[in-house]
Amino acid sequence: MKSNTLNEYPPLKLLLTSFIIIAFTCFCQTGFTQEKLKVATCQFPVTGDLKSNADYIKKFIREAAENHADIVHFSEAALSGYPPGDIPSFENYDWEALRAETYEIMSLAKKHKIWVVLGSAHYLDEQEKPLNCLYIITSEGKIIGRYDKSMLTRGDSKHYSAGNHIEVVSLKGYKFGFLICYDSCYPEMYNIYRHEGVKIMFHSFYNAHHDGETILDEVIPAEIRVRASDNAMWVIANNSTGFYSSWPTCIARPDGSLESLERGIPGIMYRAFPDNEKTDRFNSWLHNFKMMKLPEDEVYQIFGVPSNHPRAIDTKSL
């Protein structure tokens, strides 16, 4: 008996061939090779009141999870407060209370199955200054990594030890990098991450409680745009809303276009990936496809000294 084949049914063969071509085209154009990722970045008025900071953080974790975000991002020193604006110094700081609140946040991340990028301070010992850090907490409630601010300001160096490493984490096929505030002023901080293949940068800022407008109002949003476009990255940049805040939380695309929340009002900004590299609001283009070289003798500190303390080297400890 002769078996039936597609060759015996030309219309069906043509229909099936057309379907395969269309499906393959859609597959290539819509990025089905990448999983969907939803990012949330938050702003609220960071203060020296640890309980108030923790309440905002927990509230936004719940809200981000309810909105199906995969990862929620907080500003520099979001939990600990930032010296000397929020707290005079870390002398007599209640590290046990900070630890307890951090454990609660880790448990909440696990409960809601969401990753958390938490701005805080990392204790070393009584003799060494702490680290200005971002804890990267997984949806299992575990610290998978920690970035410590490398480029300290002169003022920072009075209160913190300098960081001496980068932190690269992958989630759903996307590579994340992490930076803090003053790091934005140094192109080499982004360049080292570009060489690691990072496409999404979580950059946490604290520029608030000023008397009024400063040059930072102009400089930092411009730097965020330039770092994004120079390095073909999305830059997720948040800030404290404490009055007066120099700029609002914003997200820059690889073309340098910028979208922001409203300044001074607590809230969350979301971005879903895959995302367009260029804005659809006006004619745009990408540039800077030539990567800067990575000097072997580059120094990633300007003020402050990196610590060799075991708790500084161990980036997965609390």
Next on the checklist: So Gly81 ticks every box in (1) at negative phi; (2) among the small types (Gly, Ala, Ser); (3) over 16 Å from the mean Cα position of the chain (by Cα) but one. Which box is left unticked?
Outcome noted: (1)
Next on the checklist: Show the residue pairs meeting these rules: Cβ distance below 7 Å; 6+ apart or different chains; first residue within the range 286-297 and farther than 16 Å from Trp234 by Cα; second residue aliphatic (A, V, I, L, M) and not in a loop (DSSP other than H, G, I, E, B).
Outcome noted: Leu294/Ile192
Checklist entry - Would the range 141-158 turn up any residue that is more than 24 Å from Gly304 (Cα to Cα) and assigned to a strand (DSSP E or B)? => result yes
Item to check | Within the range 63-80, tally of residues that are in a loop (DSSP other than H, G, I, E, B) and either buried (at least 23 other Cβ atoms within 10 Å of the Cβ) or of a type in the set (S, T, N, Q) (or both) | outcome: 8
Item to check | Matching residues in the range 126-140 - criterion: being under 26 Å from Lys113 (Cα atoms), in a loop (DSSP other than H, G, I, E, B) and not polar (S, T, N, Q) | outcome: Glu140
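Residue by residue, here is whether (1) closer than 16 Å to Ser317 by Cβ; (2) without any contact (Cβ under 8 Å) to a residue 24 or more places away in the chain holds:
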residue: Pro88; (1), (2): no, yes
residue: Trp95; (1), (2): yes, no
residue: Leu98; (1), (2): yes, no
residue: Glu104; (1), (2): no, no
residue: Ala109; (1), (2): no, no
residue: His112; (1), (2): no, no
residue: Leu124; (1), (2): yes, no
residue: Lys129; (1), (2): no, no
residue: Ile144; (1), (2): yes, no
Item to check | Conditions (1) within 13 Å of the chain's Cα centre (by Cα); (2) surrounded by 24 or more Cβ atoms within 10 Å (Cβ to Cβ); (3) not charged (D, E, K, R); number of the one not met by Ser170 | outcome: (2)
Checklist entry - Quick one: is Gly163 at pLDDT 95 or above and under 15 Å from Ala54 (Cα atoms)? => result no
Next on the checklist: Can you tell me which residue is surrounded by the most Cβ atoms within 10 Å (Cβ to Cβ) among those in the range 135-165 that are aliphatic (A, V, I, L, M) and in contact with an Asp or Glu (Cβ under 7 Å, 6 or more places away or on another chain)?
Outcome noted: Ile136
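Here is a list: Arg253, Arg263. Which entry is touching a helix residue (DSSP H, G or I) at 6+ places or on another chain (Cβ under 8 Å) and without any contact (Cβ under 8 Å) to a residue 40 or more places away in the chain? Walk me through it before giving the result.
Numbers: Arg263 fails: touching a helix residue (DSSP H, G or I) at 6+ places or on another chain (Cβ under 8 Å).
Among Arg253, Arg263, only Arg253 is touching a helix residue (DSSP H, G or I) at 6+ places or on another chain (Cβ under 8 Å) and without any contact (Cβ under 8 Å) to a residue 40 or more places away in the chain.
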Next on the checklist: List the residue pairs whose Cβ atoms are under 7 Å apart, where the first residue sits in the range 210-232 and is among the charged types (D, E, K, R), the second is surrounded by 15 or more Cβ atoms within 10 Å (Cβ to Cβ) and not in a helix (DSSP H, G or I), and the two are 6 or more positions apart or on different chains.
Outcome noted: Asp211/Tyr244; Asp217/Ser246; Asp217/Trp247; Arg225/Ala252; Arg225/Gly256; Arg225/Leu258; Arg227/Val235
Checklist entry - Which one of these does Lys36 not meet: (1) under 19 Å from the mean Cα position of the chain (by Cα); (2) surrounded by fewer than 21 Cβ atoms within 10 Å (Cβ to Cβ); (3) within 23 Å of Leu131 (Cα to Cα)? => result (3)
Checklist entry - Has the range 248-255 got at least one residue that is closer than 30 Å to His68 by Cβ, surrounded by 23 or more Cβ atoms within 10 Å (Cβ to Cβ) and over 16 Å from the mean Cα position of the chain (by Cα)? => result no
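This table checks each residue for (1) hydrophobic (A, V, I, L, M, F, W, C); (2) modelled with pLDDT of 95 or more; (3) crowded, with 16+ Cβ neighbours inside 10 Å; (4) out of contact with any Gly (no Cβ under 8 Å at 6 or more places or on another chain).
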residue: Glu196; (1), (2), (3), (4): no, yes, no, no
residue: Pro221; (1), (2), (3), (4): no, yes, yes, yes
residue: Val226; (1), (2), (3), (4): yes, yes, yes, no
residue: Asn231; (1), (2), (3), (4): no, yes, yes, yes
residue: Ala237; (1), (2), (3), (4): yes, yes, yes, yes
residue: Ser257; (1), (2), (3), (4): no, yes, yes, yes
residue: Met269; (1), (2), (3), (4): yes, yes, yes, yes
residue: Ala272; (1), (2), (3), (4): yes, yes, no, yes
residue: Asn283; (1), (2), (3), (4): no, yes, no, yes
Next on the checklist: Against the conditions (1) more than 25 Å from Gly155 (Cα to Cα); (2) surrounded by fewer than 14 Cβ atoms within 10 Å (Cβ to Cβ); (3) at pLDDT 95 or above, where does Thr214 fall short? Just the number, please.
Outcome noted: (1)
Next on the checklist: With out of contact with any strand residue (DSSP E or B) (no Cβ under 9 Å at 6 or more places or on another chain), closer than 21 Å to Gly48 by Cβ and of a type in the set (Asp, Glu) as the only criterion, which of Glu126, Glu140 stands out?
Outcome noted: Glu126
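The values are calculated or read from the model by the stated rules, or taken from the named source; none is laboratory data. None of these values were measured; they are calculated from a predicted model. Cβ: placed from backbone, ideal geometry, glycine included. Neighbour counts: every protein chain shown.
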